[in-house]
1. Can you find a residue in the range 503-516 that is in contact with a Lys or Arg (Cβ under 9 Å, 6 or more places away or on another chain), part of a loop (DSSP other than H, G, I, E, B), surrounded by 17 or more Cβ atoms within 10 Å (Cβ to Cβ) and on the phi > 0 side of the Ramachandran plot?
2. With respect to the numbered conditions (1) in a loop (DSSP other than H, G, I, E, B); (2) crowded, with 16+ Cβ neighbours inside 10 Å; (3) at pLDDT 90 or above, which one is the sole condition not fulfilled by Tyr165?
3. Is it the case that some residue within the range 250-260 is touching a Pro at 6+ places or on another chain (Cβ under 8 Å), surrounded by 21 or more Cβ atoms within 10 Å (Cβ to Cβ), under 30 Å from Asp432 (Cβ atoms) and of a type in the set (A, V, I, L, M, F, W, C)?
4. Are any residues in the range 92-116 farther than 13 Å from Pro186 by Cα and in a loop (DSSP other than H, G, I, E, B), and if so, which ones?
5. What residue, among those in the range 168-183 that are among the hydroxyl-bearing types (Ser, Thr, Tyr) and crowded, with 16+ Cβ neighbours inside 10 Å, is farthest from Val63 (Cα to Cα)?
6. On the basis of being assigned to a helix (DSSP H, G or I), more than 19 Å from Gly81 (Cα to Cα) and touching a residue at least 60 places away in the same chain (Cβ under 8 Å), does Ala177 make the cut?
7. Quick one: in the range 61-91, of everything that is assigned to a loop (DSSP other than H, G, I, E, B) and modelled with pLDDT under 85, which residue is surrounded by the fewest Cβ atoms within 10 Å (Cβ to Cβ)?
8. Considering only the range 465-506, state which residues are out of contact with any helix residue (DSSP H, G or I) (no Cβ under 9 Å at 6 or more places or on another chain) and of a type in the set (A, V, I, L, M).
Amino acid sequence: MKLESIRVLSRGGDLRLNTGEQSGLQRSSGWALRCLAVATRAGTALALAALATSVHAAGDAAVGRGRFGLCEACHGVRAEGNVNLEAPSLAGREGWYLTRQLENFRTGRRGTAPEDLRGQQMRPMALTLESDQAVQDVVAYVISLSPAPPVTTVKGDVAHGKSLYAGTCASCHGETAQGNEGTQAPALKGVSDWYLLRQIKAFRNGWRGTAADDTSGAQMRAMAMTLPDDAALNDVVAYIASLEAAPWQWRLARDCPPSFEKLADGTCEFRSLYDLYSSVDGHGGLRARLPAMRTRSMPKQIDLGRYLFFDRALSHDQTLACADCHNPRLGFSDGRGRSLGIAQPRGPPGQPTRRELDRGAPTLWNVGFLQRLFWDGRAASLAEQASGPLFAPDEMANTPAGLTQSLNAIPSYRALFAEAYAREPTRDITIDEIEGALAAFESSLVSFSSRYDRYAFGDATALSPLELDGHNVFRGFVARCSQCHVPPLFTDGELAVVGAPAVAGQPYDTGAGRQSDDPALVGAFRTPTLRNITLTAPYFNAGQFATLSDVVTFYNDTRGHAMPKSVPQQLHWHIAMKAPMLSGADVTALVAFLGTLTDESLKPRVPVAVPSGLPVAPDAAASSSVASGTDPSRIAAQPASMSSAEEACHTCPH
């Protein structure tokens, strides 16, 4: 073996060395290829190779953060990975290893095998990094992120795997899989077991480690070939997964969510093109100004609220999280007419039944702007709203004492609350802090980048002719939709009596009339936003209507035709139809227009894990059951997946 070349690149005073070795070594096998032997024989060449990866141009993490946006669709905002997309976690990997793999993709050592579909997707993404500096910028950002604790998915004989690992892997990767930069062997413990298994198979199958100049890959391929069968692979991976990784430290976001500006006081303020416009409050139009968001919060409080939102530790029996009813896959609703509360002690053994509530879960998109919360408007703030389901006996069924006791018993939460609220960790978590963090996260759920918004901002091509016709119907005097669903929020947030029909077999829901003696509030419900309305079927307070066409047909009929005659109601004056006045074409166009209000571009990532260690809500099975028509009230909790991210991925990196 000899050193083929040394190339010195100077950038900002740093030194980078690139080395190559004879390919004859790649054709060797057995112990001669083990890293310990290679280290002995390679001498200076190996030392220079190690130096090449450890002494490199410093990356700019701030620049890298912007470049990493291309990677987020698959690898996640915090590089946490997504098992559903077969995109590994990048956070926690060594910088030198990430650098080498990006270079492997850029040079074609990886991502060119016909069978390696994921690698073929990753390679074009790596090629967008046009220089070594661009690579280092991305790596600098990724290594600044905290890794998520991996979830065990591979089953195997750990004892047998330990024996195989000692004879095959330990000489390079270390006795405890801690890795060794000097032998170019990355750490294996703490890496997702499903990804380790896939990569060992890739080496065995020749998808990796066969490029002419991939010496490290050739060594790994030879080692992988010594494992006799798939069972042996599982055993080795199961053993690696059993090793204790570096102590896990939860870290909260330091930056505001996208589209929020961090102000001098450290709080986050929402920004959009609607800030450029002016209008009288409550009066809509294409270019109306958004009302001010109710509160501003610190980035860490928002991120803490994100963990709480998806954590079932908030419920009495640890089976229900906010996200189980406000599912990000379903428009932050749950796809049901009437939501499901906490499990009740009935039903088949081992399958308790979740009680069906009186109303459905309203969407949370843009709730930070609203003055009234719940269908009946009984809460005046998001913090007040949070206490409703948390402590309702038929919803999450917790108590203030029970909730604070359970969270204070989780060391990670104690540390995170102390960090988010800049106080001593010795102080106990309070209800105000819990509700405040949930409110902070929910206020970050914003949606103002739909095709309608593009049209409002001046893109005349954003809407089709049919959708433009629907927009005209929407704001016309006959339908009068925009008088209650006022742009740009597409709600006025007011209580209105529209004469909603009853739910079969249920007492009539009088809405805000439950909390008031005012006869004008009997049957009154808060006007829902129409943002992302196509994602939140069925419609009305208890899912009385299955489709948007059904809703429009209801309004396009004689006022009060569907409400029970036994319950006197004072209908809102905007409900004015004395007979159907919209044509079938009008209805079709109006429904088409409503579809232009869909935008999930700023949907936050579902965490890959939560501090309680419980399965992350919502269950994929529960989401799919709504679409398939099965009964999610009898679905048992599913184990946490590596990631619950929703975004579809087409040509994204893996």
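1. Looking through the range 503-516, none of the residues is in contact with a Lys or Arg (Cβ under 9 Å, 6 or more places away or on another chain), part of a loop (DSSP other than H, G, I, E, B), surrounded by 17 or more Cβ atoms within 10 Å (Cβ to Cβ) and on the phi > 0 side of the Ramachandran plot.
2. That leaves (1) as the condition not met.
3. Yes; the residues of the range 250-260 include at least one that is touching a Pro at 6+ places or on another chain (Cβ under 8 Å), surrounded by 21 or more Cβ atoms within 10 Å (Cβ to Cβ), under 30 Å from Asp432 (Cβ atoms) and of a type in the set (A, V, I, L, M, F, W, C).
4. Within the range 92-116, Gly108, Arg109, Arg110, Gly111, Thr112, Ala113, Pro114, Glu115, Asp116 meet the criteria.
5. Ranking the qualifying residues of the range 168-183, first place goes to Thr168.
6. So Ala177 does not fit the description; no.
7. Selected residue: Val77.
8. Result: Val486, Ala496, Ala502, Val503, Ala504.
The values are calculated or read from the model by the stated rules, or taken from the named source; none is laboratory data. Computed from a predicted model, the values in this text were never measured in an experiment. As a convention, Cβ positions derive from the backbone with ideal geometry for all residues, glycine included, and neighbour counts pool all protein chains shown.
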